[in-house]
Every structure is written in structure tokens, then in C-alpha cells.
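This report refers to the structure that appears directly beneath it.
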Amino acid sequence: MKRLLTLLLVAMTVVSMQAQSTATLGYCGGEAADKGSISTEGKTWVSGAIYLPADMLASYDGCRITKLRAALASKINVDTLRLWVRSSLSDHNLAEAVVTSKTTPKMVKGWNEATLDEPLPIPAGQGLYIGMSYRQKAAVAALSVVGSPLDNAFWLQLGSDARWEDMSSVGILSVEAVAEGDNVPDYDLGLTAAVANPYDDAANTKLKVTVVNNGQQTVSGFTLQTRYELADDVYTHHFDAPLGWGEKTVVDYQIPARSTVSYGDIVVSLSAIDDGTDEMPANNSIKAKFALVKKVLIEEYTTEPCGNCPRVAGYLHNVLSMEKYKDRAVAVCHHSGYKTDWLTKPCDEKLASKFSVGYAPAMMFDRRPVWPDGALYGCPDQSDIVNALDYTLQEPAHVTINFSARYDEASQQLSVTVSGKRDELNATNPTITVYLLENDVKAVNQTSGGSNYRHQHVIRAYNSDFGDPITWMGNQYEYATTFDVSDAWVKENMQIVAFVANYDSSNNKNCAVDNAEVTGFPSGATESVESVTAHTTQTDYFTPQGRRTNAAARGLVIVRKTNADGRVRTYKTIRR
């Protein structure tokens, strides 16, 4: 009899264990970044968190959090990783676990997982913050941030006493909680990222949507509905995509193009699962982030007294000539860092002073850190430039840059108008800088350059040392400036460069460039040049009296261009 009771108890335990199901709570879908981009200096604690709202957790009523997971993009200079759960960011830890180089398992780059000593019951009617804190011995970009902007997906505290900031517009923090219980949803698909590209095709907007299966059951397919927020039309797409628990997929499709200025944001929603009913509607809808044309600003510090500068300039020329990087980078040279020369401008010296450039050759890539020591890359070889460019190109752009330029030969003045639009631009003080550059400028006395050495990307004129503030009209801007053009400059070798960056007078690490663009010098005395990052939907031609004409018309012609983003630009040109 005693043996029979024992067997019955064992059987009951097995049934109970089988009834316990597991779910991962988070937004990153198990994705981790290879490199980080956020850091602070000194010995301190750095913390990040995600927020799981009460309506999301309601589907897990009766379940318990048993494990916490967080990914590190680097473990250099990190001696302790603490994983925790809080009811508010400033509150005490409801549960925590510590991972170090001496625990089992040990702290690693990538995913770290720890089991809680006491499982934490998920509270009814209350949201939870799932977070990580690491103690650094020196500056390190250890936070793993992935994906597209998503509400509640990234809160940041840079320093033990710093204020918490909502950084969800940057991306998703790689932090998750593991829940177990009898009430884990069987069916729960979540939308974690949506990117819309209205620029490659004038007729259609392309979308890329990430779908994660957080439920226990495998699904064989699902249906998405997409619409413009202020329009009535709904576009339905079905996808055959088998997904098991914890798996994710990225689907591509397109909808008819419309101006988001007139019709609002693009909203993607999960409308159906093939095999059941989704039990968690809180993660079934997402606004699409726009995919913008991204170009990296490369700033080279170079001078004629610098003997190593010609070699590094050659490396840069080789990289910019590679097919992979054509139209992906914009180069500018500052003649400062190691002494000065006849091409040095005041802005060159002020930038060198601000960013502590005390030598040449050196390079900055979007003024972002490309390794833990900072943004400046000293005396790089060709592979260094490639690696830094690859790393910086991973950063998304959040603002477009469009040109309209006109040169008046009589007054020798170049008028430049820069315009564009933004999405979730993460800049507290965005500024715009415009440079007029000249290439193939013969050197006067370049050390180690030879008798025929020529300078590239030379700044001939500029609008401001650190850029002028941008005035926003909703999510759009327009900025105009004028340059005097010298007869000594070869106009066929000239370019106009503009970039949008944040400016922080006290923090060099908060001066990142979001996007850059370049265009040529207007070729005729009264001819305009226009460069637009968004593809043109329609171009119309009119006479000065307002009558419609065609592209072959001669004389004074009024050109009206309507872009895929809904922006309309009109300008005059003379065609001979």
C-alpha cells in the first residue's frame, strides 16, 4: 500500500510539472547586439530596463517569474551584472539575481541567464519593470539595443545617481523574464518591429514586420492588416510561416504609396492566427518606423606638416571607391589636429579643440564612439576605416536631407536650401551644418606627399562652427544659407555637404551625427541643382504664365516636384 501511495504521488507530481508551461516576457525576441553604442565614463553603475504593462501581464495571471535574462554587448570593464524586477524604476527590487565572473554560470558577452532563488508571482493589475544593472570599472558600451523603436522597450540610467530616461525611440533593450505557470497563453503572437520604406518605389510603400511567437503552441500562419492612420482603406496580407515557441520571423510586403503628411502614420495589426485565437491583444499593433536613406559623415583631420596623412588619405579614398560604400558615406577634411596649414579654417581648430584632437591623421565617424575610448580614430589603416564604417552604418537615420542649390554668376553667390523631415529623432538640440567643399586642390608643401599631391574634401566655406539650430514645422524643416564663391575655386570640383547632428557644449558623446548628404555644384550660371533623398513621385513643368509644358521646354521653366513623402518643391530654371 505504501508503495502504491508513493507511485501515486510521483504520478501527481509529473502531471503537475507537465501542466507548468513556460513563456518569455520581453520585446527583443531573443535578439542580442554584437556591439553597443551607449556608454558613460568613470566607475559607476549603468542600468537599463523594459516595462511590461498591466494589460500585457494580465494574460499571465497566476504565473510566476522564475528566471531573468539580459544580453551584454561587451563584458570588458564589467565586474558585476545584476538582474532585477521592480514595480517602479526608483523602487526596491522585488526580485534579483547576480551574475559575475565567479558565479555559475559565469558572466559572458551575449545572453546571461539567472534563476531566482524565490519565484516572483506576477501581481494582478500591476505593471513590472524588468531590468539589468552592471558595474563598470571604466567606460564600456555594454548595453545590447536591437530592433526598431517600440513603446516601453528601453529605459536608461547612465550613472548611479542619474535620472532615468525613456530611450524607447532608440530601440529595444535585450532584457527578458521567464514566466512559468498553468496560465501561460497557448496562442500569443507579438509584433516587435515594423519598418516602412516609401522611397524606393513611387507607387508602393514597402514594409518589413517582425513577428514573435510568445505562446506555447506552434502556429502555421497569421494575417496582418495595414492602414494609414487617417485613411479608411485597410490592406490585408496572409503569411504561411510556421512559428514555435520563442521563434520569430520577418515578413516583407507592400501597400500603395500615400503621403504620410496627409494620411498619417502607418499602423500594422495582427488580425488572425491560423490555428487559434490570440490571447494577448496588447502586443498586436505597432506603428511603422520609416527607413531613411543613411549616409555616414567621415571627418578626417589632416595637415600638410603631417607625414602620415597622405597614406591615410589614400586608405580613405580606396574605401570610398568600394562598391559597398558608394553613396553610403560623406567625407570632409579638417586641416587641424597636428599644427595647421594654409587650408585651415576657424571651424577646423574649434572642432579639434572640442573633440580633443591633438594629432593627425585622425578620423571621426558620425562623431560616435567606434571603440570604448571614444569617437576619435587615430592613424587608422584601411581595415580600421572599413570596420568603423560598418559599425556606424548599423545606426539608423531619423532625418532626411534634401538640397536645392542655385549659383548666381553675377554676384558670385551660391544659395543653398536644405529641407527634410524627421521621425523619432533622438536629439535634444539638433543642428544643421552646411559645407562647401573642393576636391583636387594642389598641395603647397605636403610632407611625404610628393610634388603632385592633391587635397580632397577641402572646406572652402561653411555656415557655422557647430551647426545652426533647426526650426521644426511639425516633423519637417527648411534651412537656407548663402556662400560667396571665389574665382580661384574650381566649381567642377566642388560639392555641397549638409548634416544634422546633436550639439551638446558639455558632453562630446552627445553630439552624434544622425544623417549626412552631398550634392554637386550647380553647373550653369542660372541653373539650379536639386538632390532629394526621397524618390520623386511626379515632376510637372509650367511656363512663367502657369501653363503646363514638358521636360523638353526651353527658356524659363517652373519645375514642381512632388515627393513620396508628400513634400512639394517648386523652383525656376533656365534651359537653353
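Worth pointing out:
- Here the alpha carbons of the stretch 114-271 define both size measures, Rg and Dmax, at 19.0, 57 Å.
- Cα centroid separation, the stretch 405-474 to the stretch 135-157 (Å): 33
- Note on HIS238 and GLN394: the model spin-label points, each 7 Å out from Cα along the C-beta direction, lie 3.9 nm apart.
- Within the accessible area of the chain, the carbon and sulfur atoms contribute 47%, probe 1.4 Å, all protein chains present.
- Cβ-based net charge around ASP327, under 12 Å, with every Lys or Arg adding one and every Asp or Glu removing one: +3
- The per residue volume of the convex hull around the alpha-carbon atoms of the stretch 261-341 is 217 Å³.
- Taking 4.7 Å between C-beta atoms as the pairing limit, the chain has these partnerless cysteines: CYS28, CYS63, CYS333, CYS347, CYS379, CYS511.
- FRET efficiency, SER269 to ALA54 (Cβ-Cβ, R0 22 Å, nearest 0.05): 0.55
- The packing ranking of peptides 60-66, 499-505, 444-450, highest mean first, is 499-505, 60-66, 444-450, where packing means the average number of other beta carbon atoms within 10 angstrom of each residue.
- Normalised by residue count, the stretch 316-454 yields a Cα convex hull volume of 171 Å³ per residue.
- Base-10 log of normalised Debye intensity for the stretch 52-196 (one unit scatterer per alpha-carbon) at q = 0.08, 0.14 Å⁻¹: -0.22, -0.71
- A full extension of the chain between ASP484 and HIS317 corresponds to an added length of 57.3 nm, given 0.36 nm per residue minus the alpha carbon distance.
- Sites GLN476 and VAL444, calculated FRET efficiency, Cβ-Cβ separation with R0 35 Å, nearest 0.05: 0.20
- Given their separation in residues at 0.36 nm each and the Cα-Cα distance between them, GLN126 and THR428 gain 105.5 nm when the chain is fully extended.
- Length available on full extension from ALA203 to SER262: 0.36 nm per residue minus the Cα-Cα distance, which gives 19.6 nm.
- Residue-normalised accessible area of the chain, expressed per residue, 1.4 Å probe, Å²: 44
- In this structure, the residue pairs whose Cα-Cα separation is over 24 Å, taken from LYS206/LYS294; LYS67/LYS106; LYS324/LYS509; LYS67/LYS509; LYS43/LYS106; LYS137/LYS295, are LYS324/LYS509; LYS67/LYS509; LYS137/LYS295.
- These residues, HIS317, HIS335, HIS237, go from largest to smallest accessible area, 1.4 Å probe, as HIS317, HIS237, HIS335.
- Hypothetical label at THR249: residues of the stretch 196-222 whose amide nitrogen lies under 13 Å (7 Å Cα-Cβ projection): 209-213, 218-222
- For the chain, a/c is not less than 1.5, where a ≥ b ≥ c are the root eigenvalues of the C-alpha gyration tensor, and a/b does not top b/c. That puts it in the oblate class.
- Rounded, prolate or oblate (a/c below 1.5 giving rounded, otherwise prolate when a/b exceeds b/c) for the stretch 160-215 by Cα gyration tensor: oblate
- Scaled radius of gyration (Cα, divided by 2.2 N^0.38 Å) that the stretch 30-75 gives: 1.60
The values are calculated or read from the model by the stated rules, or taken from the named source; none is laboratory data. Keep in mind the model is a prediction, meaning the values are calculated, not measured. A quick note on method: Cβ atoms are made from the backbone with ideal geometry, for glycine too, and the neighbour counts reach across all protein chains shown. The area values use the complete protein model at the heavy-atom level, side chains included, leaving out ligands, DNA and RNA. Shrake-Rupley method; radii C 1.70, N 1.55, O 1.52, S 1.80 Å.
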